[in-house]
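Taken together, the values in this text are just the output of simple stated rules run on the coordinates, not laboratory data. Since the structure is predicted, the reported quantities are computational estimates derived from the model, not experimental observations. Neighbour counts run over all protein chains shown; Cβ positions are idealised from the backbone, glycine included.
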Amino acid sequence: MAKRVKSIPTPTQDGYLTKELLGEFIRARRTQEGLKMHDVAMLCGISIATLTNIEKAEASVRIDSALNVAKMLGIKIIVQPWDEEDVK
């Protein structure tokens with residue numbers, strides 16, 4: 001019998017998006033959909049090692065790989081307008 005994927009809760013974002021937080025969002029969404037790493041890697045055209053690196057934020061990955069995985073899982077990344085005071 002195949003091992004089931006254990007769903008993890010969606011993380012909360014209280015500040016800036018980091019690679020660690022993006023990895024948490026991706027892992028949460030993947031597990032909530034019951035998808036194994038192998039399935040998502042195949043759908044996104046990346047290796048399991050790359051997906052692991054994205055989810056664990058362990059190594060540098062191409063931004064387009066991370067954004068493609070997020071898109072394929074239905075995760076929207078929205079850039080909000082900033083205040084000029086934040087830039088100074």
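Out of these labelled values of Cα extents along the principal axes in Å, [x] 55, 30, 24; [y] 57, 25, 21; [z] 40, 29, 20, which was calculated from the coordinates shown here?
So the structure-derived entry is [y].
Of the candidates ILE26, ILE78, ILE46, which one comes out as most mobile in a Gaussian network treatment of the chain with C-alpha springs shorter than 10 Å?
Looking only at ILE26, ILE78, ILE46, the largest GNM fluctuation is found for ILE78.
Which of LYS76, LYS56, LYS36 moves most in a GNM of the chain, Cα contacts under 10 Å?
LYS76
Residue by residue, what Karplus-based ³J(HN,Hα) values in Hz, rounded to whole numbers, does region 39-55 have, using 6.51, -1.76 and 1.60 with θ = phi - 60° and x for Gly and Pro?
3J(HN,Hα) across region 39-55, in whole Hz: 5, 5, 4, 5, 4, 8, x, 10, 7, 4, 4, 5, 4, 4, 5, 5, 5.
Once amide H atoms are built 1.01 Å from N in the peptide plane, which residues 5 or more positions from ILE75, or in another chain, come under 5 Å H to H?
Here nothing satisfies the definition.
Kindly provide the helix-only [θ] at 222 nm of the chain, computed as the sum of -39,500 (n - 2.57) over DSSP H runs of four or more divided by all residues, to the nearest 500 deg cm²/dmol?
-14500 deg cm²/dmol
To the nearest 20 Debye, how big is the dipole of the chain about its Cα centre, given +1 on the beta carbon of each Lys and Arg and -1 on that of each Asp and Glu?
680
Working from Cα positions, state the angle (0 to 90°, nearest 10) between the long axis of helix 63-72 and the longest principal axis of the chain.
Here the helix axis deviates by roughly 60 degrees.
Defining a contact as two alpha carbons under 8 Å apart and six or more residues distant in sequence, what relative contact order in percent does region 19-78 show?
Normalised by residue count, the contact order of region 19-78 is 41 percent.
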